[in-house]
Structures are given as C-alpha cells and as structure tokens.
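One structure is given here, and the rest of the page talks about it.
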Amino acid sequence: MNLEHALKDPIFKIISKSADELDMECYVVGGFVRDFLLDRNTAQDIDIVAIGSGIELAKQVAKNLPNQSKVSIFKTYGTAMLRHGTIALEFVGARKESYRKESRNPEVEDGNLDDDQKRRDFTINALAIGLNASNFGTLLDPFNGIKDLENKRIVTPLDPNITFSDDPLRMLRAVRFATQLEFEIDPKSLGAIKDNFQRINIITKERIVVELHKILESPKPSIGFLLLEKTGLLDVILPEITALKGIDDVEGQRHKDNFYHTLEVVDNIAKHTDNVWLRWTALLHDIGKAPTKKFSKKVGWTFHGHELKGSKMVYHLFKRLKMPLNDKMKYVQKLVFMSSRPIALSNENITDAAVRRLVFDAGEYIDDLMTLCEADITTKNPRKFKKYHNNFKLVRQKMIEVEERDRIRDFQPPVTGEEIMKAFELKPCREIGIIKEFIKEAILEGHIPNEYQAAYDLMLEKGTQLGLTTAS
Ligand code: ATP
Ligand code: MG
C-alpha cells in the first residue's frame, strides 16, 4: 500500500532528503500512521525511526530547516526531539530490546526496522511508512495492523504474556487505546492482562496517572474503567472506586450499585465538560459512600457524612498517586464536599436565601457544581429524571436572579473592617468580626440588599446594640 498522501506536510520531504544525505534508512511510525489511517487528526507528535543514529538524523534535519530549529538530545535514551511549528518530531534509532523481570527498563541494542516494530506495544502502533526517496510512502505492516484497525482490535504483536510482563505499562495503554478509539482488546491480550495485572506495581505513579487522564479525557470514559475493573487493575490503582461495587440487601431494602452509578455520572459529565478535573470529581464524588454505609431498620441504608469523608479521601488518593496537592486537588475536594448541596436544596421549595447560601459557599465553582449534580441524575424512571432536571433548571434560574441583585458569587464584605473601626473609633477587637458576620448573614438571608448604604446603616444599628458609640 502506498500512503504518500499521508506525507503531505513539507517536513517529510525535508526528513527524506536529510536521511538520504546521511545514506540512512528512516520511517515514520506509531501514532501518526495509526491516526492518519483512522482519520483522527490528533497527531501533533511524529515519531521517526532511523536505522542508525536518531540523534544524527535529527541534527541533519535541523540543518535543512529554514529557521535552524534547536535539537534537544536525550543521550541516555538515544533519542532527539525537534520542534517545527506546532509539530514535535521525535527521532530514535531502531532498537532491539530485552527485559529483566524487576524493571520496565530494557537492555537495548541497535536493531533493524523489524526488531523495532517487534518491540512496539500493539499491532496498530507498529505500522511504519518509508521516508527515503526509494520507498517514500510505502507502508510496512509486518503484523497486519491494518486488519486490526479495520476490526477495531487491540492486539499485541508478540505473545501478550511477554509483551505485558516485559512492560506492564502496556496493560494500561491497551485499556487507554480501547477507550480513546472505542476498540476491543483481543481476548488473548485481555486474558494476559488478567494474568499480569499485579505487575502494574512496578510502574511509577506518574505514568499511571498519565494513562488515567487519557482515559478520563475520552468521549466515554466508562469503557476504560469497566476494563480496568474486569482485569483487576482498578483494584490496584483506585481501590476507592472498586469499593463502591455491589448492592446490599437487608430485609428487602437495597441501595444502588454506586460503582456503576459513578461510571454513568462520569460518562454524563464527559458530554458537558472537557475539564479533566471536573471529570475526576465525577469519578470521586461518591467514594465516601463505601466507608460511611450503614443500615438501620428505621431508615434503611444511609451514607451520612460521605461528602466530608470523600473529600478527605481525595487528599489521600492524590497523595498516593503522586498527583499535585495543589489548587486542582482543592477544587476536587471542594466539589466532592459540596456534591449533595444542590440536590438537598432542589428537594425543598427553593428559597432565595438557600440559593444565595449555595452560591456563597461554592463561589467560583458554582457552575461546575451544578454540572456535576446534573450529571449525577442517573435514575431510570423517566418521570423522576424529568422532575430532577426541572428542579435544577429552577435552581439555575434563581441563581441568575439572585446574582443579578446581590452579586454573591465573589462576595466582598460591603463594609470593611477598617470602616467599622473608624465609625466606632475601635482598635482591632472581636466586635468587628461580629458586625461583619451579622451584615453577611443579613445579605444572605435577604434582609438587606448587598449594597453599601444598607450595610452601613445595619452596621450602625448592630454596633449600637453591642454598646458601641459612634465617633462624632
Ligand atoms: P498518543 O500520542 O496518542 O498517546 P502514540 O501511539 O503516539 O499515541 P506514544 O506514547 O506517543 O503513543 O508512543 C509512540 C509509539 O511508541 C507508539 O505508537 C508505540 O509504537 C511505541 N510505544 C510507546 N510506548 C510504548 C510501550 N510502553 N511499549 C511499546 N511500545 C511503545
Ligand atoms: Mg504519540
């Protein structure tokens, strides 16, 4: 098959010329070829294999580029990187790999194209296109990856037990590609993941998280989480999620399976946001339910305090996975903590005061919190489904009204501490805090509007009540 039309970008002619100048064979491989054939135009990183030194080839390409791009060299890996506009070109010498049991870092020797294609994770990632003038555009597909692309299959080129045991990260990559591309993992490969899942423990947390993110960023993340669960990987990586599995039944009283519910929520939210941290929130919003679950004859199943418990678990989970313990984590924690608030509110008749309080507490996260709560509606009863969504519509409507009038979202006290001190000739003291709190409460309750004059008058009133005298 000739795929010259995949190589329209002028960069390929430059690589071709450079390789011929060095009398070196070279190929474009992996994701670029796969995504071209799948008509996914996501590939901004292009992998080039040289039969020889990838670093030398990269330098030659840089010489032939008009604007003398800088080559980054990674000596230990024998690779080189070059940026050209929005494209990142990665050059590597073809290699042959052999693995030892305790590490995913192989012994590496120089090899030919055939060796290099064999060390690749999946047949669909082992496709290569020739770049030299003599074979420009020729597809090399030793493992029939084209057929697997057509049949939408993830298959390892060699015995999957060896492929996955050599580099256990490939198990996660299999799940990730199955999710991103909506492909099926070949039964033999899937079986091999089930046999090798424990070996994921030798992979660094950072690499695991990269794959988790890619799964979460996919159109339908549940595909990945179901595969992770089925293979045993999820229990190793995110035991908090597998703990949500199952339905308990005591004297005919049952609760829903919070694992499947959670996956539905994640798929729902994926339709409404690309923010991966909001998707994390959907995944984690119920994790506090496993440790807080209780049964009583009177009220049946309860999960009291699961939001607070869950938000604390978020910290431990992030820490274990070596994810950043920064504002992103705090965002996830806060949304998990507040995840039941809009629901509780929409079950009552919705007062302005309750809406103001919700907006005040959620602050800048209010829109994301509403998106989470709407995604959380997974009832199969169409009447209830409609009712809950309508309730949230009402909450959103009320939020707009209240916000127009009182600007609670980024609330700043209308009267400052300094002004209170000046009005009553005070040094710093607890009365100032009491007055500020009183004004805030009056605004949230709707007793006064969020305006300077009204707040100032209320300050004078409250101060007098506290026995303070105004400066004259
Ligand atoms: P994407 O860039 O969309 O994540 P990709 O296929 O380009 O997909 P990369 O991680 O960029 O994935 O890797 C480039 C190529 O390197 C892959 O297509 C595959 O051939 C090979 N590869 C990457 N990681 C591994 C691995 N752990 N084991 C074997 N081959 C791998
Ligand atoms: Mg890539």
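The values are calculated or read from the model by the stated rules, or taken from the named source; none is laboratory data. Predicted model, so just to flag it, every value in this text is computed and none were measured. Neighbour counts run over all protein chains shown; Cβ positions are idealised from the backbone, glycine included. In case anyone asks, the SASA skips ligands and DNA or RNA and just uses the protein heavy atoms, side chains included. Shrake-Rupley method; radii C 1.70, N 1.55, O 1.52, S 1.80 Å.
Once you order the gyration tensor axes a ≥ b ≥ c over the Cα atoms, which shape class does region 304-446 get: rounded for a/c under 1.5, otherwise prolate or oblate by comparing a/b with b/c? Can you show the working numbers first?
On the way: a/c = 2.80, a/b = 1.40, b/c = 2.00.
Cα axes put region 304-446 in the oblate bin.
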Next item on the list: Under 1.5 on a/c is rounded, so check that first for region 43-184, then, if it is not, pick prolate when a/b is larger than b/c and oblate when it is not; a ≥ b ≥ c are the square roots of the alpha carbon gyration tensor eigenvalues.
Entry: prolate
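Assuming 0.36 nm per residue, please report the length gained on full extension of the stretch Asn105 to Glu4 beyond their Cα-Cα distance. Please report the intermediate quantities before stating the final value.
Details: separation 101, 0.36 × 101 = 36.36 nm, distance 3.48 nm.
Full extension of this stretch gives 32.9 nm more.
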Next item on the list: With everything on Cα atoms, drop me the angle between helix 366-375 and the longest principal axis of the chain, reported from 0 to 90° to the nearest 10.
Entry: 70
Margin query: Can you give me the accessible area per residue for region 18-100, using a 1.4 Å probe, in Å²?
Written below: 51
Check: Within region 28-183, what percent of beta bridges assigned by DSSP are antiparallel, to the nearest 5?
Finding: 75
Next item on the list: State, as an integer percentage, the relative contact order of the chain based on alpha-carbon contacts under 8 Å between residues 6 or more apart.
Entry: 8
Next item on the list: Convert each backbone phi in region 135-148 into a coupling constant with the Karplus relation 6.51 cos²θ - 1.76 cosθ + 1.60 (shift: θ = phi - 60°), then list the ³J(HN,Hα) values in order as whole Hz, x for Gly and Pro.
Entry: 9, 4, x, 6, 7, 10, 9, x, 10, 6, x, 4, 5, 5
Note to self: Testing the spin-label approximation: label points 7 Å from Cα along Cα→Cβ at Asp249 and Gln68. State their distance in nm.
What the structure shows: 7.6
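Using helices alone, I'd like the mean residue ellipticity at 222 nm for the chain: each DSSP H run of four-plus residues gives -39500 (n - 2.57), total over residue count, nearest 500.
Details: 24 runs with 246 residues, N = 472.
Taken over the chain, the calculation gives -15500 deg cm²/dmol.
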Check: Against the longest alpha carbon principal axis of the chain, how many degrees, from 0 to 90 and to the nearest 10, is the axis of helix 352-362 turned?
Finding: 40
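So, R0 is 25 Å and r is the distance between the beta-carbons of His304 and Ile400; what FRET efficiency does that work out to, to 0.05? Mind dumping the intermediate values first?
Values: r = 33 Å, r/R0 = 1.30.
Efficiency at R0 = 25 Å is approximately 0.15.
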Notebook entry, point to check: So who's got an amide H within less than 5 Å of the one on His255, skipping anything under 5 residues away but keeping other chains? H placed 1.01 Å off N, in plane.
Noted result: Asp248
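Taking a ≥ b ≥ c as the square roots of the Cα gyration tensor eigenvalues, with a/c under 1.5 meaning rounded and otherwise prolate when a/b beats b/c, else oblate, which class fits region 168-215? Show your work: numbers first, answer last.
Details: a/c = 3.53, a/b = 1.11, b/c = 3.17.
It is oblate, given that a/c is not under 1.5 and a/b is not larger than b/c.
What share of the DSSP beta bridges in the chain is antiparallel, in percent to the nearest 5?
Values: 30 of 38 bridges.
Roughly 80 percent of the DSSP beta bridges within the chain come out antiparallel.
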Next item on the list: Compute log10 of I(q)/I(0) for the chain with the Debye formula, placing one identical point scatterer on every Cα and leaving out solvent, at q = 0.14 Å⁻¹, to two decimals.
Entry: -1.27
Notebook entry, point to check: How far apart, in nm, are the 7 Å Cα→Cβ label points at Arg83 and Lys256?
Noted result: 4.6
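Keeping the other protein chains in place, figure out the carbon and sulfur percent of the accessible area of the chain, with a 1.4 Å probe. The partial results should precede the final answer.
Numbers: 11790 of 23420 Å².
Looking at the chain in its full context, I get 50 percent from C and S.
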Check: From the cross-link list Lys205/Lys309; Lys13/Lys59; Lys75/Lys152; Lys188/Lys271; Lys298/Lys319; Lys205/Lys245, which pairs have alpha carbons spaced over 27 Å apart?
Finding: Lys75/Lys152; Lys188/Lys271; Lys298/Lys319
Next item on the list: Express the Stokes-Einstein translational diffusion coefficient of region 58-118 in µm² s⁻¹, to the nearest whole number, given a Kirkwood radius over alpha-carbon pairs, 25 °C and a viscosity of 0.890 mPa s.
Entry: 185
Next item on the list: Subtract the Cα-Cα distance of Arg430 and Asn144 from 0.36 nm times their separation in residues, and report this length gain in nm to one decimal.
Entry: 95.3 nm
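Just round it to a whole percent: the fraction of Cα-Cα distances in region 171-298 exceeding 25 Å. Numbers along the way, then the final one.
On the way: 2266 of 8128 pairs.
For region 171-298, the fraction of Cα-Cα distances above 25 Å is 28 percent.
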Check: Roughly how tilted is helix 10-21, in degrees to the nearest 10 and between 0 and 90, from the longest Cα axis of the chain?
Finding: 40
